[in-house]
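Working notes, beginning with the structure itself.
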Amino acid sequence: MDKITKGMLDYVWKSCSPYHAVNNLITELDKKGFIRLEEADAWKLKAGGRYYVTRNGSAIISFKVPGKDYKGFLMTASHSDSPSFKIKENPELRRMDAYVSLNVEGYGGMLDGPWFDRPLSVAGRVYVKGRGSSINMKLVNVDKDLVMMPSLAIHMNREANKGYSFNAQKDMIPLYGSADAPAFMETIAEVAGVKASSILGSDLFLYNRVAPSVWGASSEYISASRLDDLECVYTTFRGFMEAENDKYVCLHCVFDNEEVGSGTRQGAASTFLKDTLIRIGDSMGRSSEDYYRSIAGSFMLSADNAHAVHPNYSDKADPVNRPFMNKGIVIKYNANQRYTTDGASEAVLKYILNKAGIPYQAFTNRSDMPGGSTLGNISSTQIPVRTVDIGLAQLAMHSPYETAGALDPSFMARGAEAFYRSDVSLRTQL
């Protein structure tokens, strides 16, 4: 296991909410001299400049501008969110004068069962009244085992192992404390270093407290929370930070809310990326005609993890296109364009990876088993650039503890770096 994999696992562990995932990237960008831009301010970019801009604190676009005469944009896109449970307003549920539970609702499509009987905690952000009329945001992470969803004993449901449909309002409610437990928002306020009465708003989520692990007969597997999609966030970021290109603007894009359709102001369906690209051109003195020409010469890697063949359920995989962990970058295909990969974008990526000596493999769903969409086709409604959908093979996707290969993060980081360094001429007409 190399430093990329170790760094990725450390990043995932520290990124216990989408806001922490973005903030952890900001910390490194600041150390490397990137300049923070605000959407509400005028942008004055310079040739050779390195910048980043955030939206909602959960989406971020980092970019490097080579000069005014760039040919186009090279972009990777991934997402900061993962399926979890959001804390509702007025969260305390007092029961039988003995327990206090937390009222939560599911975010995204998750595997319910693995959330039971494991230590959980709460992280996210709060908005606090400041001086005068100001309202300030604070990140919070209750860094201890705070809550749990205890299972019902087998003695009280003898049919449990024959299948059970979980009810979100009855079964998936975490236990917080005894009847005399401190008020939940008092706990949050203490972590934030403020008074509970000063908290005006919050976005708080449960997260799994089980630390990442490296395991297997030869330490070939890794397991952690939020590998989908923070594994791709981190590895493409590593490639972005290492690469230089004097012909293209290189962008590293992280969107939020992919797990619920991306239809938010910080999601891939928003104008966030489009706004950023237009403002780069405007600030560099380029015309609207230049913008359209640069879009025509641009390319995106939509990086969102892929399903590895499961050792116990190999029948769920396509008969031929069957990716495995530790076998390289997965290129994803779908005839109905749930993934954006086509012959042209496939050819570009394979050319880059072959030249760099990086292994790759193919994923398609079984023909009778439709899959979900991802960032590429959603973002293309705003930015019509050639895109290929890729990921790294993993098991237990959308579980609070997922499994992947220890070798693959390095493949993705190296592949992203090769992509950001590339200059491929694609002829689409004879």
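Listing for the model above:
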{"item": "Nearest-ten-degree value, helix 408-420 long axis tilted from longest Cα axis of the chain", "result": "40 degrees"}
{"item": "Helix 343-356 vs. the chain, principal-axis angle (Cα, 0 to 90°, nearest 10)", "result": "90 degrees"}
{"item": "Within a Gaussian network of the chain (alpha carbon springs, distance under 10 Å), most fluctuating of LEU200, LEU353, LEU146", "result": "LEU200"}
{"item": "Test item: Cα-centred dipole of the chain, Lys/Arg +1 and Asp/Glu -1 on Cβ, debye", "result": "860 debye"}
{"item": "Estimated FRET transfer efficiency when R0 is 30 angstrom, pair LYS350-GLU220 (beta carbons, to 0.05)", "result": "0.70"}
{"item": "With eigenvalues of the C-alpha gyration tensor scaled by 5 and rooted, the stretch 84-208, Å", "result": "31, 15, 11"}
{"item": "Listed residues ALA168, THR276, ALA181: farthest to the positive end of the dipole of the chain (Cβ charges)", "result": "THR276"}
{"item": "Efficiency of FRET between VAL260 and TYR164 - r from beta-carbon atoms, R0 25 angstrom, step 0.05", "result": "0.50"}
{"item": "Spin-label model distance (nm) - ALA47 vs SER197, 7 Å beyond Cα toward Cβ", "result": "5.9 nm"}
{"item": "DSSP bridge orientation in the chain - percent antiparallel, rounded to nearest 5", "result": "65 percent"}
{"item": "Top positive-direction residue, dipole computed over the chain with Cβ charges, set ILE61, PRO18, GLY261", "result": "ILE61"}
{"item": "Alpha carbon centroid spacing (whole Å) that separates the stretch 133-164 from the stretch 208-255", "result": "26 Å"}
{"item": "Euclidean distance of C-alpha centroids, the stretch 338-408 and the stretch 25-102, integer Å", "result": "22 Å"}
{"item": "Projected label distance in nm at ARG366 and ASN90, using a 7 Å step from Cα toward the beta-carbon", "result": "4.6 nm"}
{"item": "For the stretch 84-208, size of Cβ-based charge dipole, Lys and Arg +1, Asp and Glu -1, in debye", "result": "280 debye"}
{"item": "GNM top mover of SER288, SER345, SER80 - the chain, alpha-carbon springs below 10 Å", "result": "SER288"}
{"item": "Coarse-grained scattering of the stretch 269-425 at q = 0.08, 0.12, 0.20 Å⁻¹, given as base-10 log I(q)/I(0) from a Debye sum over alpha-carbon atoms", "result": "-0.26, -0.57, -1.31"}
{"item": "Over the chain, relative contact order from alpha-carbon pairs under 8 Å, at least 6 apart, %", "result": "23 percent"}
{"item": "Dipole of the chain, positive end: most advanced residue of VAL249, ALA317, VAL128 [Cβ charges, Cα centre]", "result": "VAL249"}
{"item": "Contact order relative to length of the stretch 84-208, as percent, for alpha carbon pairs under 8 angstrom and 6 or more apart", "result": "38 percent"}
{"item": "Spherically averaged projected area of the chain from its Cα convex hull (nm²)", "result": "23.5 nm²"}
{"item": "Angle between the chain longest axis and helix 3-14 axis [Cα atoms, degrees, rounded to 10]", "result": "40 degrees"}
{"item": "Potential extension, HIS155-ASN336 segment - 0.36 nm per residue separation minus Cα distance", "result": "60.4 nm"}
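Any read-out appearing in this document is the output of simple, stated calculations on the displayed coordinates, not a laboratory observation. What you see is a predicted model, and the numbers here were worked out from it, not measured in a lab. Because the Cβ atoms are built from the backbone with ideal geometry, glycine has one as well, and the counts that use them run over all protein chains shown.
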